[in-house]
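Working notes, structure below.
Nothing in this text is a laboratory measurement; each read-out follows from the coordinates by a stated rule. What you see is a predicted model; the values in this text were computed from it and never measured. Reconstructed Cβ throughout: ideal geometry from the backbone, glycine too, with neighbour counts over all protein chains shown.
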Amino acid sequence: MKLSDTLTYSFISNSKLAYKVAKAEVVARYRRSFLGTLWYTISTVVIVFGLGPLYATIFNVDVGGYFIYIAFGIIFWNFVQGTIVESCGNVIQHQSLIKDLSIHYATFSVSNSIKSFLILGQNFIAIYLVFLTQKSIAAPAVSVFILPVLLLEGILLTYVGFIISLVSARFRDFSPIVNIVMQLFFFLTPILWQIRPDIADYKIVQWNPIYFLIELPRGYLLNGSIDVEILTKLSVITLVGVVVAEAFHRRYFKRFIFWL
Amino acid sequence: MSVCVSLDKVSLNYPIYGYGGDSLKLRLLRMLFPKASNLGARSVNVVKALREISFTLGPGDKLGLIGPNGSGKSTLLRVLNGTFPPSAGAVVVKGRVASMLNLNCGVDADLTGRQNIRQRLDYQGIKGSLRKNIEEEVIEFADIGNFIDLPVRMYSSGMLARLIFPLSTSVEPDIVLMDEWLAVGDANFQEKSQGRLKNFLAKSSILVIASHNHVMIESLCSKILTLEHGVSIDFREGKIEPKEAELERLQLSPGGAG
């Protein structure tokens, strides 16, 4: 098998086009509204400040700290959930480009991740600006080392998203399943609630990949240090994801066109 | 590298998914209850779309594909443009391919005409000064005035065709794949577009066109392949030159997709 036949090669060689597709789609979603892409951010801010005071009281924690916790939690959740859920319709949605313009199907897994990154970046900056206006919130410093952390997650999500997009092209009832599972994960994952020592041992926390994806960048921002255990787990998942995605590509590359 | 298209005993079995007992739910149920008989078919239905098709085209060859509906003409074109991988046999296509099978693909109704041009050029990987030239030339040919900066969803279908047609014929290809002869726009524009299309085809080296219009095929093509149920039943190698008179006549004949 040649190097140029691998999925990874196609990801890289189509990344420029993927960026253009991603940019066009981010703009496209809110093209006919006045606030445009700002809607992505507004919805985040509404959730943070809508839920924040009530939930801080329920959990009996400091409101300022809780604001930061759920803000980062929700931003990274949106990033992870958005990439996974949008992967379902990815190949199906772009089928005419794949069929008629012979654009490589790998392009759209990359564009999907880039799209999520663009939204994440905007949300991140906006939420920081909101924090700066609030005296009660001490926004933590951001180090540039957050970027390699997010890059690792982006790579993982691109490969996993590729697998999801292929499976949902083959089985059209897969996409509602993904949606339901992700809804479940929203409540199983410490996003609105925080981990206490007495629940840290729960298997559902220890083996929840969505938790790893959210906690790694969030923990790094809040504590200033990387959780090595989570990093290791994520690296292993990424590696497995790459191997499985490559195998899928190799096996189904010729057949997938008939699924569309 | 010389331009060529070569098929050697190409067969295509077209599997039909998402039909009958084909869903994830039914698959899982079948795994759980292997003996149940009412859970749909286990195997995927396959249509034998093409069977052992062979031909070779070199520079200057114009191939016409004829045959009744469902005989495999469009499928064969999609094998040539690389969409469908053959189930058996070998396909060799050397040269830059312009596939004019679905002109409207990739058109975003919310983008303006100009943005759509740029987006299509992105998809085709066209860079640098050529982009600017093509953009200007397409806008000039389309001749739709200020509409070029309005969203495409505002366009009438004729206006959209006036934009898409020059865009699809803006890059100089070696090999052109066409499904039906194109006739777009009002009478005035049709004349203009037929001239452009002829020019476009003259620059290309190989043409493969599927059509029901036998007169057009005979006048345009040097080789004619007749398909029926995916089988090649006749391959004629006439040396019929495309006569100017016949081409003129085509302008008046009702064309296919537009």
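Listing for the model above:
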| quantity | calculated |
| --- | --- |
| Local electrostatic count, residue A:202, Cβ distance below 15 Å [Lys/Arg +1, Asp/Glu -1] | -1 |
| Paramagnetic reach from residue A:244 in the stretch A:63-100 [backbone N under 16 Å; point 7 Å along Cα→Cβ] | A:84-85, A:87-88 |
| GNM flexibility winner over chain B from B:195, B:185, B:113 (Cα, springs under 10 Å) | B:195 |
| Chain B: relative contact order as a whole-number percent, Cα under 8 Å and 6+ apart | 26 |
| Neighbour-count order for B:169, B:75, fewest beta carbons within 10 angstrom listed first | B:75, B:169 |
| The stretch A:1-95 - percent relative contact order, Cα under 8 Å, separation 6 or more | 15 |
| Distance from the stretch A:236-254 to the stretch A:108-174 (C-alpha centre basis), Å | 21 |
| Charge context of residue A:90, other residues only, Cβ under 14 angstrom, K/R +1, D/E -1 | +1 |
| Hypothetical label at residue B:27: residues of the stretch A:156-176 whose amide nitrogen lies under 15 Å (7 Å Cα-Cβ projection) | A:163-176 |
| When the convex hull of its Cα atoms is projected in every direction, mean area for the protein assembly as shown (nm²) | 29.6 |
| Point-to-point label distance, residue A:201-residue B:191, nm (Cα→Cβ direction, 7 Å offset) | 8.9 |
| Average beta-carbon neighbours from other chains, 10 Å sphere, peptide A:99-108 | 4 |
| Dipole magnitude of the stretch A:3-259 about its Cα centre (Cβ charges: Lys, Arg +1; Asp, Glu -1), debye to nearest 20 | 880 |
| Distance between modelled label sites at residue A:228 and residue A:102, nm, 7 Å Cα→Cβ extension | 5.1 |
| Whole-angstrom Cα spans of the stretch A:19-112 along principal axes, big to small | 57, 28, 17 |
| Sum of side-chain charges, residue A:111 neighbourhood, beta-carbon under 11 Å (Lys, Arg +1; Asp, Glu -1) | +2 |
| Charge dipole (the stretch A:3-259, unit charges on Cβ, about Cα centre) - positive-most of A:92, A:161, A:8 | A:92 |
| Whole-number Å³ per residue for the convex hull built on Cα positions in the stretch A:3-259 | 140 |
| Tilt relative to chain B, helix B:129-142 - C-alpha long axis, 0 to 90 degrees, to 10 | 80 |
| Subset of A:254/B:48; A:20/B:127; B:73/B:223; A:20/B:132; B:62/B:94; A:115/A:233 violating a 19 Å alpha-carbon distance limit | A:115/A:233 |
| Reciprocal of mean inverse Cα separation for the stretch A:97-246 (Kirkwood radius, Å) | 17.5 |
| Euclidean distance of C-alpha centroids, the stretch A:42-98 and the stretch B:127-202, integer Å | 44 |
| Nitroxide proxy distance, nm - points 7 Å out along Cα→Cβ at residue B:52 and residue A:151 | 5.6 |
| Average Cα contact separation per residue, chain A, under 8 Å, 6 or more apart, as relative contact order % | 27 |
| The stretch B:44-123 - convex hull of the alpha-carbon atoms, volume per residue in Å³ | 168 |
